[in-house]
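Okay, so here's the structure we're looking at.
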Amino acid sequence: MNKSTLKKIKLKASPVEPVYERSLPWADFKHLVELIISDNRNRKLFESSPDAFFQTVDLDLDIFSAKEALDVYLGKQKKAVRGNPYIRKWRDIFRLVSADTEQRIKPSNFSYEALYEWMERKKKALSWESVAARRSLSHYIVPIMFELTTGCTGYCKFCCFSTKPLTDIYLYTEENQQFWRKILQITKEEIGEVASVGGCYCATEPLDNPDYEKFIEDFYQVFQTYPQTTTVKAVEKTQRMKHFMEYLGPERLRMLKLRFSVVSLEQLAKIYQKYSKEELTYVELLMNNPESIRSYSHSGRAREISEEMEEKTFCSFPTACLIGFLVNLCQKTISLVAPRRPSEQYPLGMEVIAIKNFSTPEEYRRMIGTMMQEYMPQKLSEHHRVRFHSRIKILCEGNTTTFYGEAIKRVMSLSKEAQAVIQCLQEKDSVIGEVLQEKSFSKFLKECVLQKLQYLYELGFVEVV
Ligand code: SF4
């Protein structure tokens with residue numbers, strides 16, 4: 001067998017698309033799922049009378065498989081008959097995207113272990129305060145996000161960030177272009193390749209910036225991938241969006257690089273008028289409209305409307321996937337943030353640990369380093385100011401200490417000295433050395449307590465402030 005024959009066989013064995021997709025109307029099935037998710041009335045009709053529901057939709061579907069896949073999606077049925085084409089396709093998309101993400105967020109893609117470990121500790125801490133977040137820890141993976149505007153023209157009623165109206169736009173002037181490129185390069189050096197999962201919007205609307213596409217092209221030049229874009233302007237800016245979709249191209253759309261936020265059924269109808277099912281095949285529609293079966297995070301403006309919306313579920317899930325640095329280019333600020341269970345204390349579902357200003361790219365680099373040093377030590381020492389996790393309750397009985405989070409507990413054996421220090425740290429944040437001094441512990445006891453604190457720090461129970 002010569003080499004050219006070998007090449008041909010290889011190509012046949014790994015087609016670009018799975019064979020079944022050629023006859024699979026995936027776009028129709030996706031549309032069907034959207035109809036169910038966007039409107040609870042559709043879901044109720046489907047659940048009470050699937051045949052009547054299917055008569056209301058004009059889609060090219062294998063009804064048996066589609067119904068079964070929907071039942072699995074809605075949790076009514078655990079498993080589908082082997083080989084359900086819609087479920088296979090769904091899993092294929094999911095696998096493709098998650099394999100790419102997994103690859104990007106692996107520990108070796110972080111420039112500093114300290115950042116990776118800090119993110120892990122913050123995730124553990126979050127998992128103790130919210131069951132909903134614990135079930136979705138893979139959501140919190142982004143170490144850095146950029147904002148290219150200040151404020152937003154979205155005015156979404158459920159906005160989890162309570163974002164104020166637009167006040168500033170970072171335009172792609174020659175000067176800003178140079179600055180931005182340096183910021184990206186430094187980000188790659190200081191945060192690492194993992195920054196490629198970051199985005200160029202956070203509490204902002206990407207299309208509010210007329211130069212958004214130019215900024216993300218630079219992002220691509222540095223990270224060889226485009227950041228995900230989520231916009232609420234799919235209807236308002238259809239022409240621009242269609243160009244954007246062409247610019248991304250099918251391969252990136254297939255990686256779910258584009259999402260439309262849907263805020264009303266009226267807007268959804270307009271999206272369906274302006275974009276064909278085929279165009280939307282790989283554009284995720286985030287059903288944020290009030291009638292949707294999706295719950296809102298009980299954060300930001302959603303907290304204000306929660307009492308008026310009896311039918312809606314509001315969950316303790318912080319929305320932002322960011323655990324790390326939030327950089328606003330208009331204000332030249334860099335904030336260190338972590339997701340928290342939405343509450344009176346953290347109404348946005350996010351804790352801002354520190355904010356620093358920078359005026360030059362080199363200062364930006366220094367600020368990242370300073371924050372890592374101050375807030376992400378790998379080893380605790382007596383000079384660190386720490387606090388005990390505010391949402392973990394403790395019960396001490398003899399040497400047995402039980403830690404309680406939301407629907408989770410852990411029992412540990414702790415000396416009475418360690419228990420006393422934890423109780424102090426629960427009351428107020430303190431410098432470790434000062435607490436140890438107050439208790440007049442011997443050198444040996446100090447060392448033992450410090451070791452326990454280190455252990456609790458690694459579990460996310462103790463935080464540096
Ligand atoms: S949800 Fe997003 S688009 Fe809507 S107001 Fe908030 S930041 Fe703006």
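Close Cβ contacts (under 9 Å, 6 or more residues apart or on different chains) running from residues in the range 227-241 that are in the same structural domain as Phe146 (by TED's automatic domain parsing) and more than 14 Å from Lys257 (Cα to Cα) to residues that are acidic (Asp, Glu) and within 14 Å of the ligand (Cβ to nearest atom) comprise Val232/Glu205; Lys233/Glu205; Lys233/Asp208. The residue pairs whose first member lies in the range 149-164 and is under 18 Å from Phe317 (Cβ atoms), whose second member is near the ligand (Cβ under 7 Å from one of its atoms) and modelled with pLDDT of 95 or more, and whose beta carbons are closer than 7 Å, counting only pairs six or more residues apart or on different chains, are Cys156/Val232; Phe161/Ala203. Close Cβ contacts (under 8 Å, 6 or more residues apart or on different chains) running from residues in the range 281-296 that are under 16 Å from Met309 (Cα atoms) to residues that are more than 14 Å from the ligand (Cβ to nearest atom) and in a strand (DSSP E or B) comprise Ser295/Phe314; Ser295/Cys315; Tyr296/Phe314; Tyr296/Cys315. Scanning the range 334-365 for residues that are surrounded by 21 or more Cβ atoms within 10 Å (Cβ to Cβ) and assigned to a loop (DSSP other than H, G, I, E, B) returns Arg340, Arg341, Pro342, Leu348, Gly349.
Might you let me know whether the range 144-163 holds any residue that is surrounded by fewer than 22 Cβ atoms within 10 Å (Cβ to Cβ), in contact with a strand residue (DSSP E or B) (Cβ under 7 Å, 6 or more places away or on another chain) and acidic (Asp, Glu)? Scanning the range 144-163, I find no residue that is surrounded by fewer than 22 Cβ atoms within 10 Å (Cβ to Cβ), in contact with a strand residue (DSSP E or B) (Cβ under 7 Å, 6 or more places away or on another chain) and acidic (Asp, Glu), so the answer is no. Scanning the range 193-224 for residues that are touching a residue at least 40 places away in the same chain (Cβ under 8 Å), hydroxyl-bearing (Ser, Thr, Tyr) and either over 12 Å from Ile169 (Cβ atoms) or outside the structural domain of Lys164 (by TED's automatic domain parsing) (or both) gives Ser196, Tyr201. When the residues of the range 176-213 are filtered to those that are among the aromatic types (Phe, Trp, Tyr) and within 24 Å of Thr370 (Cβ to Cβ), the one that is farthest from the chain's Cα centre (by Cα) is Phe179.
Across the range 245-270, what is the number of residues that are within 16 Å of the ligand (Cβ to nearest atom) and crowded, with 19+ Cβ neighbours inside 10 Å? The number of residues fulfilling the criteria is 6. Among the residues making up the range 426-445, those that are touching a residue at least 24 places away in the same chain (Cβ under 8 Å) and more than 24 Å from Leu115 (Cβ to Cβ) are Gln426, Lys428, Ser430, Gly433, Leu436, Phe441, Leu445. Every test in (1) in contact (Cβ under 8 Å) with a residue 40 or more places away in the chain; (2) surrounded by 17 or more Cβ atoms within 10 Å (Cβ to Cβ); (3) assigned to a helix (DSSP H, G or I) is passed by Ala114 save one, and that test is (2).
Just one residue in the set Glu147, Glu117 is at pLDDT 95 or above, among the acidic types (Asp, Glu) and within 24 Å of Ile183 (Cβ to Cβ); that residue is Glu147.
Scanning the range 105-139 for residues being basic (Lys, Arg) and either within 16 Å of the ligand (Cβ to nearest atom) or within 15 Å of Val337 (Cβ to Cβ) (or both) gives a total of 3. Which of (1) at negative phi; (2) assigned by TED's automatic domain parsing to the domain that holds His139; (3) at pLDDT 95 or above is the odd one out, the single condition Leu380 does not satisfy? Leu380 satisfies every listed condition except (2).
Within the range 140-179, restricting attention to residues that are outside any loop (DSSP other than H, G, I, E, B) and in contact with an Asp or Glu (Cβ under 6 Å, 6 or more places away or on another chain), which residue is farthest from the ligand (Cβ to nearest atom)? Spell out how you get there, then give the answer.
Taking the range 140-179 first, the residues outside any loop (DSSP other than H, G, I, E, B) are 142-147, 149-150, 152, 165, 168-169, 174-179.
Those left that are additionally in contact with an Asp or Glu (Cβ under 6 Å, 6 or more places away or on another chain): 149-150, 152.
Numbers: Thr149: 10, Thr150: 11, Cys152: 3 Å.
Filtering first and then ranking leaves Thr150.
Reported count of residues in the range 181-210, each being under 14 Å from Leu258 (Cα atoms) and within 16 Å of the ligand (Cβ to nearest atom), is 6.
The values are calculated or read from the model by the stated rules, or taken from the named source; none is laboratory data. Everything numeric in this text was worked out from a predicted model, so none of it was measured. Every residue, glycine as well, gets a Cβ built from its backbone with ideal geometry; the counts of neighbours run over all protein chains shown.
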